[in-house]
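First up is the structure itself, then whatever we jot down about it.
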Amino acid sequence: MKRTLLETTKKSLIALTALTALVSCGGGGGGGHRDGGSSTYGAKNSPYISAQSFVSALNSVDGYSDNELVKHEWDTVRSSWDDENFFVIYDAEYGEYVSVSLQYIRSITYYDYYSSNYNLAEEFRDIESDHEFYNGLIGDGYGDDYEIVDYEYTDAWGEDYYRGFDSGYLYEDTEETTDVSLMASDKEGQEFFKKAADVSFAYSIDMKTSLSLVTLGSKVEKMINRANGQKLTQEDELALTNDIEKVTGASFVQFNEAANNPEVREVLIEDIAAKLGTTGDNLENRLLPEVFGIDL
């Protein structure tokens, strides 16, 4: 298994090394404002919209502020093994709690002169309306893109749990979940957790950190395979940059500075090691080069 992991993560070296030079990318706007794109009429999307911006745009379209972001994508366990990054909202238009794939809404196509979060939210409302008309309820029918979720219970920490109506997946907080078997509800989930458990053992890190690393490695591999030898798209680069910075707690600007400044390098190693719950030596000589593809 370890050999398989290394072979997989080595494929990410080119992409991650190239990303160290990436400081920032263009971003989206909120509500009904333009978020870039050509002024020619045609197919548009909003590739940088966030979960919160999506909810704000829904409120703009609906004309009230009752839609609410209940769980960010980093607060649902499904996002730690499913690179679609699902978040949960209260959808006031239908009076339902709904899980939505961040990648899905970023791919939705609408037609206008400019890209805008408002247009995206308006198109999403049309999609929901079509699903309700033809199927009797909102949701894609499988839980692959978005689905109704039902409240299940609240744990001792006050965290609400939701169950997917179509997928059956449980949406709970990554911070509070310790029973990882809850997430292994199918073959893919079981294989994912086996890999994460093996990585946790091999690199002497806790299971939560291992889940984050394996998810990142899987996402990089899929992006590289999709690129088919070509340069990664700006959307992919931005997504990877955000993910790596979230996992390590360090920006690529810091990685660049560390590469040329021994003092910054030592401080950065210790900071990231503390974030991941490991030692500086384990981080520098094993985790960074073997999992992240970064040599400091």
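Every number here is computed from the coordinates shown, using simple stated rules; none is lab data. This is a predicted model, so every value here is computed, not measured. Positions of Cβ are backbone-derived with ideal geometry, glycine not excepted, and every protein chain shown enters the neighbour counts.
When Lys and Arg each count +1 and Asp and Glu each count -1, what net charge do the other residues less than 9 Å away from residue 99, Cβ to Cβ, add up to?
Numbers: positive: 71, 78; negative: 147.
Overall, the nearby charge balance is +1.
Classify the range 49-111: rounded, prolate or oblate, from the alpha-carbon gyration tensor (a ≥ b ≥ c, eigenvalue square roots; a/c under 1.5 rounded; otherwise prolate if a/b is larger than b/c)?
Oblate, because a/c is 1.5 or more while a/b does not exceed b/c.
Once the principal axes of the Cα atoms of the range 68-159 are found, what is the range along each, listed largest first in whole angstroms?
49, 27, 22
For residue 97, enumerate residues with amide H under 5 Å from its amide H, sequence gap 5+ or separate chain, H modeled in the peptide plane.
91, 149
If you plug each phi of the range 53-70 into the Karplus form 6.51 cos²θ - 1.76 cosθ + 1.60 with θ = phi - 60°, what whole-Hz ³J(HN,Hα) values come out, in order, with x for Gly and Pro?
Along the range 53-70, the couplings run 5, 5, 5, 4, 5, 4, 5, 5, 5, 6, x, 8, 10, 8, 5, 9, 7, 8 Hz.
Quickly work out the residue 256-to-residue 234 label distance, labels modelled 7 Å from Cα along the C-beta direction, and quote it in nm with one decimal.
If labels sit at residue 234 and residue 256, their model points lie 1.7 nm apart.
Between residue 159 and residue 140, what is the label-point separation in nm under the 7 Å Cα-to-beta-carbon projection?
Here the modelled spin labels are 2.6 nm apart.
Once fully extended, how much extra length lies between residue 130 and residue 266, figured as 0.36 nm per residue of separation less the alpha-carbon to alpha-carbon distance?
On the way: separation 136, 0.36 × 136 = 48.96 nm, distance 5.59 nm.
Here the segment from residue 130 to residue 266 would lengthen by 43.4 nm.
Report the label-to-label distance for residue 202 and residue 40 in nanometres (one decimal), using points 7 Å from each Cα along the Cα→Cβ vector.
It works out to 4.7 nm between the two label points.
Would you kindly derive the ³J(HN,Hα) couplings of the range 200-205 from the backbone phi angles with the Karplus curve 6.51 cos²θ - 1.76 cosθ + 1.60 (θ = phi - 60°), listing them in order in whole Hz, with x for Gly and Pro?
Each residue of the range 200-205 in turn: 4, 6, 5, 10, 6, 10 Hz.
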